[in-house]
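The values are calculated or read from the model by the stated rules, or taken from the named source; none is laboratory data. As the structure is a computational prediction, the values presented were derived from the model and not from experiment. Reconstructed Cβ throughout: ideal geometry from the backbone, glycine too, with neighbour counts over all protein chains shown. Calculation scope for accessible area: heavy atoms of the full protein, side chains included, ligands and nucleic acids excluded. Shrake-Rupley method; radii C 1.70, N 1.55, O 1.52, S 1.80 Å.
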Amino acid sequence: MENLIIRPANPADVSDIFSLIQALADYEKLSHQVTGTPEALEKHLFGEKPYAEAIIAQWEGNTVGFALFFSNYSTFLTKPGLYLEDIFVLPPYRRRGIGKALLTYVAQLAVERDAGRLEWSVLDWNDPAIRFYQSLGADVLPDWRICRVTGDNLSKL
């Protein structure tokens, strides 16, 4: 692990983060859904009103992974939480503890911020990720489904 650095992202990392987002979308067979830009990502991470935070994983100086997350709120706990939107490590760098280090970093932030929970979603076909998350103590909730409204339907609503 002496080759690994986990750190908060800065504006100079946006290009690398966006490339990792594209690699994640390709892995999930969702490349067609990537319609954003590095410029929008930079504005939303580092602009006047940041909407999210990101951390990056560097292995021997190369950016090989990232996690992007934002604050949410639990009415049942009456506490803030963190929602992990994306976590990704390039395939050649997996099984080195990088994903666990990224997740641990975000979990430590959640504890420091007195968050009631850390949540994320996983695709139902992604058995390696599900097993990985469960090995870290995560519950995969079978009774919950994600609801999403986008595009024209969002405007209509």
C-alpha center-to-center spacing [segment 95-157, segment 44-66] in angstrom: 17 Å
Label point 7 Å out from Glu2 along Cα-to-Cβ: which residues of segment 94-110 have amide N under 20 Å? 96-98, 101
Need one word for segment 1-76: rounded, prolate or oblate. Basis is the Cα gyration tensor (sqrt eigenvalues a ≥ b ≥ c); a/c below 1.5 gives rounded, then a/b vs b/c decides. rounded
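Using heavy-atom solvent-accessible surface (probe 1.4 Å) with all chains present, what is the largest-first order of Ile98, Ile5, Ile130?
Working: Ile98 0, Ile5 90, Ile130 30 Å².
Per-residue accessible area, sorted high to low, gives Ile5, Ile130, Ile98.
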Among segment 132-151, those whose backbone N falls under 17 Å of a label point 7 Å along Cα→Cβ from Arg95 are 132-133
Theoretical ellipticity at 222 nm over the chain - DSSP helices of four or more residues, -39500 (n - 2.57) apiece, nearest 500: -10000 deg cm²/dmol
Could you check how much of the accessible area of segment 53-157 is carbon and sulfur, as a whole percent, using a 1.4 Å probe? 52 percent
Mean projected area (nm²) of the alpha-carbon convex hull when segment 1-142 is viewed from all directions: 9.3 nm²
